[in-house]
Amino acid sequence: MGHKMNEKELQKQLQIKVKKKLEPLFAKYKMDFGGISAALKWKPIVLIIGNYSSGKSTLINELVGQHVQRTGQAPTDDSFTIITCDKGIENAETPGSTLVNDENLPFGHFKQFGEKLISHICMKQISSPKLENMAIIDSPGMIDATSENNRGYDYMKVLGEFAKMADLIVLMFDPHKAGTIKESYDAIRTTLPEKSGEHRIVFVMSRIDECDNLSDFTRSYGTLCWNMSQMTGRKDIPHIYLTYSPTAVAASKVAEGWPQERDDLLQKIMNAPGFRINHILEDIDRQVNEVQIVAQAVGEFLKRTNRVFWKFANISMGIALVLFLFGDILLNTLIAFPDTTLIASIKNGSFDLPTLVVPGVLALMTLLIGSLAFSKIAFKRQLRKALANGSDLVTLDNDYRKNLWRKMESKVLENLRGLSVNDLWGGYGRSQLKIENFLNYDLKKYYEKIVN
Ligand SMILES: Nc1nc2c(ncn2[C@@H]2O[C@H](COP(=O)(O)OP(=O)(O)OP(=O)(O)O)[C@@H](O)[C@H]2O)c(=O)[nH]1
Ligand SMILES: [Mg+2]
C-alpha cells in the first residue's frame, strides 16, 4: 500500500462500514451503538477537566489566543462549553438544546441526562486555525460538597460520557488542592478508568508559580503522584505536566524549565487529533469483543437447547410412527373403533383412504404434544438453568475473558430472557460468525491501514 491514507477519509470509510456491518449486530444483541457512531461522526475532542480554579479556562484562552472563556478565582464555570472552529462560521454560540438535536453532531445521547444538563451545555464557534480539526471542551470545575441534586444532573455520569468521546483528557490540579476534592477523587478512581484509557489521560499540575517553596511543591506533587497511582494501579508514575499562565505570572517569576514544560503540554494537546483513528478502532475493538461474548453465550445456549430439541423431536417422531402404524389396533381392541385398521386394510388388499384418518390424527397429536412439552417445559427449564449459571455458557480461561464476562453478564442475561423457541432458528449462528469475521478480518485490515 505504501502511503498513509488520509485520516478523515479513513474515518468516513469506517463510518459506512461500521454502520452497515455492526449496527444490525449490536441491535440484535440489545447493545448500545451510540458511542461508536457518535465518535465516527465528528472531529477529535480534547476534554479539559479538573478542580475549580485550577486554570482550565485560562489554559484554553491562552491556547487559542483569545478570551473565549471567563476566568476567576471562585468556581466560575458551571457548564460544558464545546469550543471549536468551523470555516465560514465566526463567533457563534449554540445552546445545548440545539446541539443535542443536531443529527450531525455527536451529542444526541446527552438528552438522557435531562433538561438541567442540556441547559448547561453550549458550543462556541470561534475563528482559530488551531481548532479547525478539533474541539476543546471546557468543563465545570470539580468541587467538594456536591450531590447530583445541586448540580441538577448526574455529574459523574455526564463526565464519563464526555470522557468516552475524548481523544485526550487533560486533568488539571492546582497546588492548593492536589488530591482533596471529592469530585476529582471520584473521577480518578471510578469514572475515568471505566470510561477512558490511561494513555488518553494526562495529569497536569497548574499554577506552579503558587508553590512558595520547594517543600510546598513537593508535597503537592507527591499527593498528585499518589492519586495517579490509585487510578492506574501501577507503581511507576507517568509524566505529570507542569504549567502556569504567562498572563497571570510575572515574567520575572518564571523559573528555568517552566516554558518547556508548558510547551510540552500544549504540544500534547495539539497532537490529540493524530490519535483519533486509533482511538476509534480501539473503541470498536473493545465493544465488538463485548458483543462477541454476549453472542457466544447466547449461541451456546441455543446450541445446547437445540440438542434437547432434537432429542424431543426424535422421541416424538418415533412414538408418532408407532402410533401411526399400530395405534388404531390398540384403539380397536379397547373401544372397538375404528372398524378397519390400517394394517388390516393393507393386508386385505382393500386399502382405503379413510383408514388413514385415525392413524394420522394419532401421529399428529403426538407431535403436537411433543412440541408443546418442549416449548412449555423443556425450553423453559433450559432457560432457567442458563440464567442461574450464565458463566457456564462461555469459556473464561484468562483474566481478560473473566473481566469481560463480569462487565457483560447482565447483558447476556437480558438477551437470554428475551429468547423464545423461535430463536432456535433465528439466525444467531450467522450473527456470531459475522462478529468473528469483523474482528478477524475487517478490523485487522483497518489496523493495518493506519500503520502503513
Ligand atoms: N498565579 C496564577 N494564577 C492563575 C494561573 N492560571 C490561572 N490563574 C488564575 O486562577 C483563577 C482561576 O482560573 P480559571 O482559568 O478561571 O480556572 P478554571 O479551572 O477555569 O475554574 P472553574 O471554571 O471555576 O472551574 C483565575 O483568576 C486565573 O487568572 C497561574 O498559572 N498562576
Ligand atoms: Mg473555567
Quick check on Lys347: is it in a helix (DSSP H, G or I), out of contact with any helix residue (DSSP H, G or I) (no Cβ under 7 Å at 6 or more places or on another chain) and either polar (S, T, N, Q) or surrounded by 11 or more Cβ atoms within 10 Å (Cβ to Cβ) (or both)?
no
I'd like the full set of residues that are surrounded by fewer than 12 Cβ atoms within 10 Å (Cβ to Cβ) and either in contact (Cβ under 8 Å) with a residue 60 or more places away in the chain or touching a His at 6+ places or on another chain (Cβ under 8 Å) (or both), limited to region 91-119.
Asn104
Checklist (1) more than 16 Å from ligand 1 (Cβ to nearest atom); (2) exposed (fewer than 15 other Cβ atoms within 10 Å of the Cβ); (3) part of a loop (DSSP other than H, G, I, E, B) applied to Asp144, failing item
(1)
Can you give me the number of residues within region 68-84 that are surrounded by 13 or more Cβ atoms within 10 Å (Cβ to Cβ) and either near ligand 2 (Cβ under 9 Å from one of its atoms) or part of a loop (DSSP other than H, G, I, E, B) (or both)?
9
Does region 267-284 include one or more residues that are in a helix (DSSP H, G or I), within 16 Å of ligand 1 (Cβ to nearest atom) and surrounded by 15 or more Cβ atoms within 10 Å (Cβ to Cβ)?
yes
Given the conditions (1) in the same structural domain as Ile137 (by TED's automatic domain parsing); (2) of a type outside the set (Val, Ile, Thr); (3) more than 20 Å from Ile201 (Cα to Cα), report the number of the one that Glu23 does not fulfil.
(1)
Can you pull out the residues in region 173-206 that are open to solvent by less than 50 Å² (accessible area, probe 1.4 Å) and either part of a loop (DSSP other than H, G, I, E, B) or within 18 Å of Lys253 (Cα to Cα) (or both)?
Asp174, Pro175, Ala178, Gly179, Ile181, Ser196, Gly197, Met205, Ser206
Taking region 235-251 and keeping residues in a loop (DSSP other than H, G, I, E, B), open to solvent by 30 Å² or more (accessible area, probe 1.4 Å) and not charged (D, E, K, R) leaves Ile237, Pro238, His239, Pro246, Thr247, Ala248, Ala250
Considering only residues that are open to solvent by 10 Å² or more (accessible area, probe 1.4 Å) and either assigned to a loop (DSSP other than H, G, I, E, B) or more than 7 Å from ligand 1 (Cβ to nearest atom) (or both), which ones fall in region 45-58?
Tyr52, Ser53, Gly55
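The values are calculated or read from the model by the stated rules, or taken from the named source; none is laboratory data. Predicted model, so just to flag it, every value in this text is computed and none were measured. Cβ coordinates were reconstructed from backbone atoms using ideal geometry, including for glycine residues, and neighbour counts include every protein chain displayed. With ligands, DNA and RNA removed, areas are computed over all heavy atoms of the protein, side chains included. Shrake-Rupley method; radii C 1.70, N 1.55, O 1.52, S 1.80 Å.
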